[in-house]
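Report on one structure; see the data block that follows.
The values are calculated or read from the model by the stated rules, or taken from the named source; none is laboratory data. Only a predicted model underlies this, so the values are computations on that prediction, with no experimental measurement involved. Backbone-built Cβ (ideal geometry, glycine too); neighbour counts: all protein chains shown. Heads up: the accessible areas ignore ligands, DNA and RNA and are worked out on the full protein's heavy atoms, side chains in. Shrake-Rupley method; radii C 1.70, N 1.55, O 1.52, S 1.80 Å.
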Amino acid sequence: MADPSSYRPKPGQIPDSPGVYRFRDDHRRVIYVGKAKSLRQRLANYFQDLAGLHPRTRTMVTTAASVEWTVVSTEVEALQLEYSWIKEYDPRFNVKYRDDKSYPFLAVTLNEEFPRVQVMRGAKKKGVRYFGPYGHAWAIRETVDLMLRVFPVRTCSAGVFKNAARTGRPCLLGYIGKCSAPCVGRVTPEEHRELAEEFCDFMAGRTGTYIRRLEKRMTDAAEEMEYEKAGRLRDDIGALRRAMEKNAVVLADATDADLIAVAEDELEAAVQIFHVRGGRVRGQRGWVTDKVEAVETAGLVEHALQQLYGEESGDAVPKEVLVPALPEDTEAVTQWLSERRGSQVSLRIPQRGDKKDLMATVGRNAQQSLVLHKTKRASDLTTRSRALEEIAEALGLDSAPLRIECFDISHLQGEDVVASMVVFEDGLARKGEYRRFQIKTFEGQDDVRSMHEVIGRRFRRYLHEKERTGEWPEQPEPEQSEQQDQSETPGPLDQPGREDDGRPKRFAYPPQLVVVDGGQPQVAAAKRALDELGIDDVAVCGLAKRLEEVWVPGESDPVVLPRSSEGLYLLQRVRDEAHRFAITYQRAKRAKRVRSSPLDDVPGLGESRKQSLIKHFGSVKKLRQATIDQICEVPGVGRKTAESVVVAFARAAPAAPAVNTATGEIMEDDGGSTHD
């Protein structure tokens, strides 16, 4: 690990002008490329106190062994040079969207004498027009099949084309009218190229003009009584309209635009792009990337724009690019896009109307893409094994923590304080073993004290189970409140009649690792709770959400795992699941409190009779004003229950007048008014 001060440039050596900089490691490999309006100000940020740097930035500067820079004239030149260097050096600490070369495109090879329509994947070639990308190759073939009736462009391979030219016989498509058969000279090279260009124009969104032209030709043919020709043109128009219907209109003003949306968390980001041409979605693509550098949404958008348009020109760059956040150097990026297109490009955030609605749809696709990626990643056995090994190595454990328990505290401004415990075994969630707690030893907001209480209660239950089965020396009986902790989904071991079968009950399995949501204070509280119980074979760590730092007991500095680490990814997923489970319980508890009524305190009054009472009187307010005799009129409600209902309402309103339990009458105050 290098000390950044060992290669820090001397004061005044860095120019105060736009440029691009490169960090290299001790093997002279480029590990990071960045651009700046002012190289002096930007590079100074990397050489401050390491404790003040973001963990990802800290890892980068301590991995590097040197820094160099290139001065340019404008910010646009800096953007172009940064893109070129990222493509050339593939630096490990830059955001790199996973390659989208697996997406199929509809391609027209205008660089050949006889252009060919085909499905293409991989790197784009010069002189080839591309449309898409499409989600599936079959979608391209369906579209092409409909279009060939009107635009009979060559679709055969070079071998088939040469064989047909040699034998003088076209392929089947030539016989059925879906190829103009340039191989046997039915059309000249110029006529075939014109067909290919019309095909490209139609696919680019210029559909209205061409269909109107066909309709006029159909009308003229009908007037001249050339009914067969008119019928063919009618069928051609129908085929084109069916091809257009495959892409529904999403923007009514025939907009040409690309919409880019980003879904992200602390470790990864998913980008989705919808390509809209002529108001219709013509293609869709997406990437997922590890956030190996400290980057905000605006930075992710800028990287996506570089990836999308770095090698494009002309109409491949649309007139309008809609994004969720504007890049830091919006003016420079807009100018760069305009230069690549050859005309003005609008880069903006949609604020209202159809474009904003469509952006929301793209955003939902990005979020689903990120969730799907995480699901696939979590389900991979090799990846999970590597994650557990990385955690064991980082925390100095003797073996991989096959059972991990994570605890989180949740409250709303100090009220309804609850805690959650989630369990991961072999890297997978065991939801049947989740537990939730109410904080009972004190009131108010104190996350550290709450964590100490919850860890203590969980492991006292563990010791109790050990003592019950004879595997542990006798321990004090757990508190009654602990016995009442409930899981979200009780398992079969929690059912009545299973208490003395000798099988392990709740909390019987100890984890190899306890993870707490928080930093040093929460970790210290968890460790103290374990020490008080004499448990020394369970490791403890904490994951601080702000910087994703891993804290261990007794250490003044955190353990910083690489951003691409599978171990850090697993710890984050465990922590996020504990947070989700805790906040779900806390919200449900708060909602229940809000919905509570004095009837809840009436012994023996179930939900069904509560509803009968409210239905009979029409409202809680009228029920509160009812006498005991009136309440007794409700089917299923006896006098004793009716008296309890009246008393419960009286207790719930201490400022209200007293209730005469003998008569059920509400006593009026001196002013003669009653209180609801």
With the first residue restricted to the stretch 281-293 and required to be charged (D, E, K, R), and the second required to be surrounded by 19 or more Cβ atoms within 10 Å (Cβ to Cβ) and modelled with pLDDT of 75 or more, Cβ contacts under 6 Å at 6 or more apart or on different chains are 282/275; 285/273; 290/268; 291/269; 293/93
Within the stretch 284-315, restricting to residues that are touching a Leu at 6+ places or on another chain (Cβ under 9 Å) and small (Gly, Ala, Ser), the one that is modelled with the lowest pLDDT is 294
Within the stretch 322-342, restricting to residues that are modelled with pLDDT under 90 and either exposed (fewer than 13 other Cβ atoms within 10 Å of the Cβ) or within 17 Å of residue 277 (Cα to Cα) (or both), the one that is nearest to the chain's Cα centre (by Cα) is 331
Checklist entry - Among the residues of the stretch 19-28, is there at least one that is at positive phi and at pLDDT below 85? => result yes
message: Given the condition assigned to a loop (DSSP other than H, G, I, E, B), in contact with an Asp or Glu (Cβ under 7 Å, 6 or more places away or on another chain), of a type outside the set (Ser, Thr, Tyr) and at negative phi, answer yes or no: does some residue in the stretch 295-313 qualify?
response: no
By residue number, the members of the stretch 425-438 that are part of a loop (DSSP other than H, G, I, E, B) and touching a residue at least 24 places away in the same chain (Cβ under 8 Å) are 426, 427, 434
Among the residues of the stretch 73-90, is there at least one that is without any contact (Cβ under 8 Å) to a residue 60 or more places away in the chain and among the aliphatic types (A, V, I, L, M)? no
Of those in the stretch 118-164 that are part of a helix (DSSP H, G or I), modelled with pLDDT of 80 or more and not hydrophobic (A, V, I, L, M, F, W, C), the residue most open to solvent (accessible area, probe 1.4 Å) is 162
Checked the stretch 1-25 for anything hydroxyl-bearing (Ser, Thr, Tyr) and surrounded by 14 or more Cβ atoms within 10 Å (Cβ to Cβ); matches are 7, 17, 21
Per the filter on the stretch 516-572, residues part of a strand (DSSP E or B), under 22 Å from the mean Cα position of the chain (by Cα) and surrounded by fewer than 23 Cβ atoms within 10 Å (Cβ to Cβ) are 544, 549
For the stretch 350-363, the count of residues that are closer than 16 Å to residue 325 by Cα, among the charged types (D, E, K, R) and in contact (Cβ under 8 Å) with a residue 24 or more places away in the chain equals 1
Given (1) in contact (Cβ under 8 Å) with a residue 60 or more places away in the chain; (2) farther than 30 Å from residue 169 by Cα, residue 197 misses just (2)
Scanning the stretch 343-363 for residues that are in a helix (DSSP H, G or I), open to solvent by 50 Å² or more (accessible area, probe 1.4 Å) and at pLDDT 85 or above gives 356
Here the residues within the stretch 236-265 that are in contact with a strand residue (DSSP E or B) (Cβ under 9 Å, 6 or more places away or on another chain) and modelled with pLDDT of 75 or more are 255, 256, 257, 258, 259, 260, 261, 262, 263, 264
Would the stretch 391-407 turn up any residue that is on the phi > 0 side of the Ramachandran plot, open to solvent by 50 Å² or more (accessible area, probe 1.4 Å) and at pLDDT below 85?
-> no
By residue number, the members of the stretch 165-181 that are surrounded by 14 or more Cβ atoms within 10 Å (Cβ to Cβ) and within 22 Å of residue 240 (Cβ to Cβ) are 173, 174, 178, 179, 180, 181
Notebook entry, point to check: Is it fair to say residue 383 is closer than 29 Å to residue 557 by Cβ and assigned to a helix (DSSP H, G or I)?
Noted result: yes
Subset of the stretch 190-214, residues more than 18 Å from residue 118 (Cβ to Cβ) and open to solvent by less than 60 Å² (accessible area, probe 1.4 Å), comes to 205, 207, 208, 210, 211, 214
Those residues of the stretch 44-98 that are among the β-branched types (Val, Ile, Thr), assigned to a strand (DSSP E or B) and open to solvent by 50 Å² or more (accessible area, probe 1.4 Å) come to a total of 1
Over the stretch 202-216, the set of residues of a type in the set (D, E, K, R), in a helix (DSSP H, G or I) and either touching a Cys at 6+ places or on another chain (Cβ under 6 Å) or at pLDDT below 80 (or both) is 212, 213
With criteria (1) part of a helix (DSSP H, G or I); (2) over 20 Å from the mean Cα position of the chain (by Cα), residue 369 comes up short on (2)
Could you tell me whether any residue of the stretch 26-41 is open to solvent by 70 Å² or more (accessible area, probe 1.4 Å), touching a residue at least 60 places away in the same chain (Cβ under 8 Å) and under 18 Å from residue 79 (Cα atoms)?
yes
